[in-house]
Amino acid sequence: MRILVCGGAGYIGSHTCVALAGRGHQVVIADSGVNSSSRVMQRLQRLVGAPLSMHRVDVRDRRAMAALFATYRFDAVLHFAALKAVGDSCRRPLDYFDNNIGGTIALLQVMQEAGVRRLVFSSSATVYGDPSQVPVREDAALQATNPYGRTKLVAEQLIEDLCGSDPHFRAANLRYFNPVGAHPSGLIGEDPCGEPNNLMPYICQVAVGQRDRLQVFGSDYPTVDGTGVRDYIHVVDLARAHVDALEYMVGADRGFTVNLGTGRGISVLELVHAFERASGRRIPYDVVARRPGDSAEVFADPSLAHALLGWRAEHDVDAMCRDAWHWQAQNPQGYRSPLRRATTPRVQRPRAVVARLAGA
Ligand code: NAD
Ligand code: WQD
């Protein structure tokens, strides 16, 4: 299939492009660059072994998007394009509503006009708010606890209503838990700009010497060691789930919503210790007050994704830490670091696909 990947130059999108190409699909990226480096393309091309089409386009720009749909006949769209920082969304909610909700509406309109009726949407466990029960199932109550979370909830609802109005429109709504790690090549990974908001990139920056100490937000939660528990999932497993969802959707007579997590809760200190083992570096930390809005324990029941798609996470926390560290150690400045010689083979792909991607 020929797939439009909106937000494909970002963290999860770039890993998904590699997974798509590895399964023989043709990839066209549309990304505004609001949170991505132009250097990711060089890395992706090295991994995929063929040129990729990349367009610097904002999904809200209907005219530019319509031109893309007129140039390529897409079989489906993967929609990663969003702003994602919770704290930032509290400071400038209107920008989040405009980019994430406005962007989704614009994309759906352009898809409808072009007659493209398959969508894979990047949702989040944030739509469960502070869940009353773990593991969290897809039928748990939904709640927005911050403007970012509201954009995901509203986008899910918009997509559901569109599916209700058009019996041929199929949407896979994927609720990610806590994506971490990097491609094992060390060529692509998470490259936050400024101070990281999330735990794993913060740990990585302490390990590499860019930050002195980690702050552990609270040690008085009713959890295994008092620190917050989350469901960390390797980004390579997450990327594979998108291809599984896409391929499943082709033969399905309806859309679906699934959790993507491992089903296993890991505490902050468990992650810190796993990272120390994987990296051989010490991660100094201070326990500070709880972060407002944080839940004690959130982890997925991922059984529906397995039942529907045959998907389950394969990488454990040690692999997540090993690959996150490999990326960080190879690229202390993220994508601003010089590109090193490849150390792992490219993804294996059918010859015909290489030729097609190369424009033959
Ligand atoms: P990211 O910021 O690395 O990637 C998002 C990409 O979208 C970036 O390359 C950015 O430049 C692009 N983009 C943003 N707005 C755009 C627009 N209007 N038009 C075109 N491109 C635009 O984030 P990520 O971590 O890869 O997240 C991808 C998706 O997954 C997002 O929708 C996010 O909300 C969702 N998600 C992420 C996490 C997480 O912890 N990383 C968890 C749950 C859900
Ligand atoms: C994990 C744990 C913190 C940083 C967020 C978003 C969510 C989703 C994923 C997009 C918690 C603790 C963290 C630090 C710490 N994103 N922590 N010190 O909060 O589960 O989810 O990212 O959809 O919407 O809210 O992830 O990585 O920020 O925190 O102690 O410096 O680590 O308190 O227990 P979270 P996180």
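The values are calculated or read from the model by the stated rules, or taken from the named source; none is laboratory data. Just so it is clear, the structure is predicted and the values come from calculations on it, not from any experiment. Don't worry about glycine lacking a Cβ; one is built from the backbone with ideal geometry, like all the others, and counts go over all protein chains shown.
General remarks:
- Some residue of segment 98-110 being touching a Gly at 6+ places or on another chain (Cβ under 6 Å) and crowded, with 22+ Cβ neighbours inside 10 Å: no
- Close Cβ contacts (under 9 Å, 6 or more residues apart or on different chains) running from residues in segment 150-173 that are farther than 20 Å from ASN99 by Cα to residues that are away from ligand 1 (no atom under 16 Å from the Cβ) and of a type in the set (Ser, Thr, Tyr) comprise ALA172/TYR248.
- Residue in segment 330-346 that is surrounded by 14 or more Cβ atoms within 10 Å (Cβ to Cβ), within 16 Å of ligand 1 (Cβ to nearest atom), at pLDDT 95 or above and outside any loop (DSSP other than H, G, I, E, B) present: yes
- Between ILE233, ILE283, the distinction of being within 12 Å of ligand 2 (Cβ to nearest atom), under 20 Å from VAL127 (Cα atoms) and in contact with a His (Cβ under 9 Å, 6 or more places away or on another chain) belongs to ILE233 only.
- Close contacts from segment 207-229, counting a first residue that is acidic (Asp, Glu) and a second that is within 6 Å of ligand 2 (Cβ to nearest atom), with Cβ to Cβ under 9 Å and a gap of 6+ residues or different chains, come to ASP225/VAL268.
- Selected residue (criterion: nearest to ASP301 (Cα to Cα)) from residues of segment 252-281 that are in a strand (DSSP E or B) and without any contact (Cβ under 8 Å) to a residue 60 or more places away in the chain: ILE266
- Selection within segment 201-230: residues that are farther than 22 Å from HIS326 by Cα and in contact with a Lys or Arg (Cβ under 7 Å, 6 or more places away or on another chain). The member of this set that is nearest to ligand 1 (Cβ to nearest atom) is PHE217.
- In segment 170-200, the residue that is farthest from ligand 1 (Cβ to nearest atom) out of those that are surrounded by fewer than 21 Cβ atoms within 10 Å (Cβ to Cβ) and of a type in the set (Gly, Ala, Ser) is GLY186.
- Taking segment 20-98 as the region of interest, the helices (runs of 4 or more DSSP H) fully inside it that hold 2 or more residues being in contact (Cβ under 8 Å) with a residue 12 or more places away in the chain, within 16 Å of ligand 2 (Cβ to nearest atom) and of a type outside the set (Asp, Glu) are 86-91, 93-96.
- Hits in segment 103-162 (condition: in a helix (DSSP H, G or I), among the β-branched types (Val, Ile, Thr) and farther than 19 Å from ASN259 by Cα): THR104, ILE105, VAL110
- Residues (within 11 Å of ligand 1 (Cβ to nearest atom), of a type in the set (A, V, I, L, M, F, W, C) and crowded, with 18+ Cβ neighbours inside 10 Å) located in segment 55-84: VAL57, VAL59, MET65, LEU78, PHE80, ALA81, ALA82, LEU83
- Answer residue from segment 145-160, given it is more than 13 Å from ligand 1 (Cβ to nearest atom) and over 24 Å from ALA307 (Cα atoms) and is surrounded by the fewest Cβ atoms within 10 Å (Cβ to Cβ) among those: LEU158
- Restricted to segment 113-127, and to residues there that are of a type outside the set (A, V, I, L, M, F, W, C) and more than 10 Å from ligand 2 (Cβ to nearest atom), the residue that is surrounded by the most Cβ atoms within 10 Å (Cβ to Cβ) is ARG118.
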